[in-house]
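Here is the structure we will look at.
Read-outs throughout are calculated quantities, based only on the coordinates presented, and are distinct from any laboratory measurement. Worth saying up front: this structure is predicted, and the values here are computed from it rather than measured. Neighbour counts run over all protein chains shown; Cβ positions are idealised from the backbone, glycine included.
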Amino acid sequence: MYKAYKFRLYPNENQKLLINKTFGCYRFIYNYFLDYCKNNGFIKAFDMCNELKEMYSKYPWLKEVDSCSLRCAIFNLEDAYKNFFQKRSNYPSFKNKYSRQSYRTNCIRSSYKGCEYSNIGLDLKNRKIKLPKVGLIDIRGYRNKNEINGKIINATVVKETTGKYYVSVIVEEKELIKDKITPNKIVGIDLGIKDLVITSNGEKYSNPKEINKHEKRLKRLQRKLSRQIKGSKNYQKTKEKLGRIYSKIKNSRKHNIINVVNNLIKENDIIVSENLKVLNMDNKHNITKLIRDASFNKICEVLKWKCKINGKYYYQVDTYYPSSKTCSVCGEKTDITKDLNIRNWECKNCGTSHDRDINASINIMFEGFKLHYGN
């Protein structure tokens, strides 16, 4: 199984210069061949790599950076075209120097006189990483680990809009996935805006609504940015301030989601959730911002892979399953819950009073029980 380890990079001035040059060359190669494909038709990565060899004499400054990263730019472009041809994404677009910058390089191994060598090395004891051309760089992260057992596949260097550098190292690890356990406890979860996660046990995890905490300052800085000249120093300063706020929102949201998911995984063996179509929910303009801030898809993604590596079970019920309309006691359906403002309702058939979200999570749990045992 592949696993990513993300570290904060602390390059010196010479290393920053070389990393920024690599960003530029990576972007140049990607845009060069994208322009070629737009004007002359798509060509395969093999033909692009052959032409890349001839470009070194025409553009000698390409030799200053890691050659493997330039080939990775070509393969990334080919992947972008494949996604477009298979209707998974839009047509590839040109990269610009004003947004988040990144490049990927593959790990190459060789042996000489019985010794093994590789162009990417990770030393967690001394907090160093070796990258091609750049050399040893100080890193921070994963203080609870002294080593990573596995084969390094590639590394992706990123410069955020905040000006901070990061590296994500992909490692192939064995025996990471635990065997499936015998389930003893099942829980259904309903995802919402007022409360982020509501369980069938009656437990509610509050929604921190991170975007609302910083909305006032974001609006002010975005108005300021729109009045400034693109590419100017003041423009870059304002953009960096915006980047820091968005980074804070992203990290807080991620921290909250992981805490919620860890609690659910720790206490339950089978977890069942809704299969929400978030794009179809965007037509509700009054809550679109809150829906996107809640990150429902991210919660489901984290639940899926954490259940997988811990040997537990995760199911998603059908998108159109009427979990909110159905009474969890007698099965009677109602249309009163179409009004989102109604949080509590009473079943006309059996007279049971329901909390809207807890009732939905109980119905989801019963449906997940059927999915697990095939009934």
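Relative to the longest principal axis of the Cα atoms of the chain, the long axis of helix 13-40 lies at roughly 80 degrees.
Among ILE129, ILE19, ILE336, determine the one that fluctuates most according to a GNM of the chain built with springs between C-alpha atoms less than 10 Å apart. Per the Cα network of the chain with a 10 Å cutoff, ILE336 tops the list. Here region 296-357 is assigned +1 on the Cβ of each Lys and Arg and -1 on the Cβ of each Asp and Glu. Its dipole about the Cα centre then comes out at about 360 debye. Three principal axis extents describe the C-alpha atoms of the chain; from largest down they are 81, 59, 43 Å. In whole angstrom, region 228-375 maps to an equivalent ellipsoid with semi-axes of 37, 22, 12, each derived as √(5λ) from the alpha carbon gyration tensor and ordered largest first. In this simple spin-label approximation, ASN251 and ILE287 carry label points 7 Å from Cα along the Cα→Cβ vector, and these lie 3.1 nm apart. Annotation: peptides 325-335, 140-150, ranked by per-residue average of other Cβ atoms within 10 Å with the highest first, follow the order 325-335, 140-150. Max-minus-min Cα coordinates of region 146-238 on each principal axis give 61, 43, 20 Å, with the largest extent listed first.
The stretch between ILE43 and ILE181 holds 44.9 nm of extra length on full extension. This uses 0.36 nm per residue minus the Cα-Cα distance. Taking Cα atoms only, the orientation of helix 45-58 departs from the longest principal axis of the chain by about 40 degrees. Going by the alpha-carbon gyration tensor, a ≥ b ≥ c the square roots of its eigenvalues, is region 1-107 rounded (a/c under 1.5) or, if a/c is not under 1.5, prolate (a/b greater than b/c) versus oblate? Note, shape of region 1-107 comes out oblate. For helix 356-373, what angle does its Cα long axis make with the longest principal axis of the chain, in degrees from 0 to 90 and rounded to 10? Taking Cα atoms only, the helix is inclined about 70 degrees. This model, with +1 at the C-beta of Lys and Arg and -1 at the C-beta of Asp and Glu, gives region 119-273 a dipole about its Cα centre of some 1540 debye. In terms of Cα atoms, the Rg and Dmax of region 31-177 work out to 17.8, 52 Å.
With n ≥ 4 as the cut-off for DSSP H runs, can you work out [θ] at 222 nm for the chain, using -39500 (n - 2.57) per run divided by the number of residues, rounded to the nearest 500? Helix contribution divided over all residues of the chain: -14000 deg cm²/dmol.
Would you please classify the overall shape of region 104-258 from the alpha carbon gyration tensor, given that a ≥ b ≥ c denote the square roots of the eigenvalues, rounded means a/c under 1.5, and beyond that prolate means a/b larger than b/c while oblate covers the rest? Oblate shape, in that a/c is at least 1.5 and b/c is the bigger or equal ratio.
Taking 4.7 Å between beta carbons as the limit, the unpaired Cys residues of the chain are CYS25, CYS37, CYS49, CYS68, CYS72, CYS107, CYS115, CYS300, CYS307. To the nearest whole percent, what portion of all C-alpha pairs in region 196-270 is separated by more than 17 angstrom? Roughly 57 percent, rounded to a whole number.
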